[in-house]
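What follows draws every value from the coordinates through simple rules; no lab data is involved. For clarity, every value in this text was computed on a predicted model and none was experimentally measured. Cβ placement follows ideal geometry from the backbone for every residue including glycine, while neighbour counts extend to all protein chains displayed.
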Amino acid sequence: MSTQDTPTPAPSWEPRIIAFFCNWCTYTAADLAGVSRMKYAANIRVIRVMCSGRIDPQFVLEAFAKGADGVLIGGCHPNDCHYAEGNYKMLRRFRLLKRLLADMGIDENRFRLEWISAAEGEKVKTVVNEMVENIKKLGPLGLPDRLAELNTELEAEHLPVSEPHEKESEVAHV
Amino acid sequence: MFRPKIAFYWCASCGGCEETVVDLAEDILGVVEKVNIVLWPVAMDFKYDAIRAMPDGSILATLLNGAIRSTEQEEMARLLRRKSKYLIAYGSCAHTGGIPGLANQFSREQILRFVYEESPSTVNGEKTRPQTQWLADDTGGTLVMHRQKRGSLDGLSFVDQDRMLKLPKLHELVRSLDQVVEVDYYVPGCPPTPNLTKAAVGALLDGRMPPKGSVLAPDVALCDECPRKASKPTNVSFKEFHRPHQKVLDPAQCFLAQGVVCMGPATRSGCTAQCPGGNMPCTGCFGPTSRVRDQGAKILSSLCANVEPKDEDGIDNVLAGIPDPVGTFYRYGLAKSLLRQKVNR
């Protein structure tokens, strides 16, 4: 029952953040940051979705359950959604999901929603850097490791099949 | 006549699932006639040793209800898994962790401290707790305790003359049955309805079982069989949420249209919508359909998308009507949810 997430992370530890970016704005902004040669922390793994309204809360929970230290969502500014209403749907889900995550002991700095238009490459850089800094202070979340630790209370010879825990390097990048 | 062996067992459960078996009423006679019940602790007297002595796989099916949250329950789940051809998770607790799964929001220490020391109705000046550690022999010599190692667990045994009793240890995490052993089928519900039970036992005896891993209930949302379905508006829009005790509920209109959280859209059907029939919204005991991994996330997604305001404060005001999202959305499924447990409990 420590108040800190993990007091002493391994020295080599770096936060891993899953970022869901909307195709029409934030993903384009990240592209812009790239072609403008801006530098920002390399801790995010970007997943492009067609709209922030497409982001199922299951995606967020699964990211955390599989070992993400943070989840960042980027969508279009209010009134700018390519599909008219998607970003509002995301905002509403975000407000309750954030509370649910807090109730499950996940710090609010680990889950962030930002409106970033296609022109705001600079904002991608600021937001990502900020989030990486915040999560570095919190330490690793490490849900798979926590679960593996708890599963040692089961009889060792018949450990249950846990959720597959792929190592980053084993994931095929197509 | 050959009569296949059937076992019933309970782990962390309330006894409601056992009631359902009895609720088969006269139909249970037809079942009992065709099977040989080899274990049913709630109703008949059997010894675990008799089960241990049986050849592996000799029980046709074990219907196990209750979540797994102690070393004894784990041991029995493993034993019955080994002895049974089919292991069936019976009821919400075995299927998705059930109400006991909500304990995954607290550590074992928090639970023991509250129950044995802090709860308002507890008088326990000496702070006595169920023991899992070595105790000095201060009982006058008749009761001697030996510490035993079993794997990484501290098992504790009490030797009274020649009899040895073992005390189980409470797990840190509540688990659904399939998080401990392999499960063949699931019968959902808190408790499962007599109809589903009858259908499952019938299928079992006739040997027409669906593919392994199936949940033995229809794979569509509850709304499909809800008598209020016709009154569900095309566009649901929430201006505020009411809890059932805060409002006089219209007995015919869709709960969502009345601003009441109903788990129906995210819950499997098969119960004949008994709760909506009794003018109470669905609380989700049948778990999700096969296309959904996390029931709570899905109902959250659906409800929130239809909140009316578009600004943060307005949205928060409406959502304040759901004061306990974990308890509401994961009432029966926290153990089987994606996150499974509160971190830093």
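Which shape class applies to segment A:1-108: rounded if a/c is under 1.5, otherwise prolate when a/b exceeds b/c and oblate if not, where a ≥ b ≥ c are the square roots of the Cα gyration tensor eigenvalues? Here segment A:1-108 falls in the oblate category.
Here segment B:222-329 is treated with +1 on each Lys and Arg Cβ and -1 on each Asp and Glu Cβ, and its dipole about the Cα centre works out to around 460 debye. Comparing B:Met280, B:Met44, B:Met76 in a Gaussian network model of chain B where C-alpha atoms under 10 Å apart are linked, the largest mean-square fluctuation is found at B:Met44. Shown for A:Ile17, A:Ile135: other C-beta atoms within 10 Å of each C-beta, ranked fewest to most, produce the order A:Ile17, A:Ile135. Anything over 21 Å Cα to Cα? Flag those among A:Lys98/B:Lys229; B:Lys5/B:Lys85; B:Lys85/B:Lys169, in the order listed. Listed pairs above 21 Å: A:Lys98/B:Lys229; B:Lys85/B:Lys169.
Beyond 25 Å in Cα-Cα separation lie the following of the pairs B:Lys232/B:Lys336; A:Lys136/B:Lys336; A:Lys66/B:Lys298; B:Lys34/B:Lys83: B:Lys232/B:Lys336; A:Lys136/B:Lys336. Note on chain B: antiparallel DSSP beta bridges, both residues inside, total approximately 45 percent of the bridges counted. Remark: mean inter-chain Cβ contacts per residue of B:290-297 equal 4, using a 10 Å Cβ-Cβ cutoff to other protein chain atoms. Taking chain B, the Cys residues with no second Cys beta-carbon under 4.7 angstrom are B:Cys11, B:Cys14, B:Cys17, B:Cys93, B:Cys223, B:Cys226, B:Cys254, B:Cys262, B:Cys271, B:Cys275, B:Cys282, B:Cys304. Comparing mean-square fluctuations of B:Glu126, B:Glu308, B:Glu182 from a GNM of chain B with C-alpha springs under 10 Å, the top value falls on B:Glu126. Electrostatic tally near B:Thr20: other residues with Cβ closer than 14 Å to its Cβ, Lys and Arg +1, Asp and Glu -1, net -3. From the alpha carbon centroid of segment A:62-124 to that of segment B:56-81 is 42 Å.
With distances taken between every two different alpha-carbon atoms, the protein assembly as shown has a Kirkwood hydrodynamic radius of 25.5 Å. The stretch between A:Ile47 and A:Trp13, if pulled fully straight at 0.36 nm per residue, gains 10.0 nm over its current Cα-Cα span. When +1 charges are put on Lys and Arg Cβ atoms and -1 charges on Asp and Glu Cβ atoms, the dipole computed for the protein assembly as shown relative to its Cα centre reaches about 680 debye. When each of A:Asp31, B:Asp49 is scored by the number of other beta-carbon atoms lying within 10 Å, the sequence from fewest to most is B:Asp49, A:Asp31.
Considering helices alone, the calculated mean residue ellipticity of the protein assembly as shown at 222 nm is -8000 deg cm²/dmol, with DSSP H runs of length four and up weighted by -39500 (n - 2.57) and normalised per residue. For chain B, relative contact order (Cα pairs under 8 Å, six or more residues apart, normalised by length) works out to 18 percent.
Computed over chain B, the range of Cα coordinates on each principal axis works out to 70, 59, 30 Å, biggest value leading. Under 20 Å from the 7 Å Cα→Cβ point of A:Arg37, by amide nitrogen: which residues of segment A:104-122? Flagged as within label range: A:120-122. Listed from fewest to most Cβ neighbours within 10 Å, the set A:His77, B:His95, B:His171 follows the order A:His77, B:His171, B:His95.
Using label points projected 7 Å from each Cα along Cα→Cβ, tell me how many nm separate B:Ala199 and B:Arg3, to one decimal. Reported label-point gap for B:Ala199 and B:Arg3 is 2.7 nm.
I want the antiparallel fraction of DSSP beta bridges within the protein assembly as shown, as a percent rounded to 5. Given both bridge residues lie in the protein assembly as shown, the antiparallel proportion sits at roughly 35 percent.
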